[in-house]
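To start, the structure under review is shown below, and the notes come after it.
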Amino acid sequence: VVRSVRGVVPRDRILMTGAFAVHRAEAHPMWLKEARTQEHTPETLEYGISSLVFRHADPLHPRRLRDALDAWLADDAVLRAKGIAYLATPRGREHQCVLSLAGRRATLLPGSLWWVSLDPS
């Protein structure tokens, strides 16, 4: 087990460790099974994964977004979300909000300026 914080891992802990040997992988009966049989079951079917894209011109209300995230995190479903959000806050018209949700952890961080908020000159 390699401990990481926010995905930061020392390279020498995962690269060039000698843990992978192609000759051992090739000896496994499942080696290139999909390539040989040309049959592939998409993960959406195999694991029941679904996705959606949410787009809206109006900003998200911060309290209602937090309540929705809290409700989703309380559920047993496995959720993954990421993207740029437009929040109805005093600075929301100027700054993006970066949303990340993985497992039971949700993060909202300040993002870059919206292009529309920049001086055209």
Residue set P62, P42; condition out of contact with any strand residue (DSSP E or B) (no Cβ under 8 Å at 6 or more places or on another chain) and open to solvent by less than 100 Å² (accessible area, probe 1.4 Å); output residue P42
Taking the residues in the range 87-121 that are assigned to a strand (DSSP E or B) and of a type in the set (S, T, N, Q) as candidates, determine which candidate is surrounded by the most Cβ atoms within 10 Å (Cβ to Cβ).
-> Q96
Just need a number here: residues in the range 16-55 that are over 20 Å from the mean Cα position of the chain (by Cα) and not aliphatic (A, V, I, L, M).
-> 17
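The values are calculated or read from the model by the stated rules, or taken from the named source; none is laboratory data. The structure presented is a predicted model; accordingly, all values stated were derived computationally and were not measured. Positions of Cβ are generated from backbone atoms using ideal geometry, with glycine treated the same way; all protein chains shown enter the neighbour counts. Remember, those area values only see protein heavy atoms, side chains included, never the ligands or the DNA or RNA. Shrake-Rupley method; radii C 1.70, N 1.55, O 1.52, S 1.80 Å.
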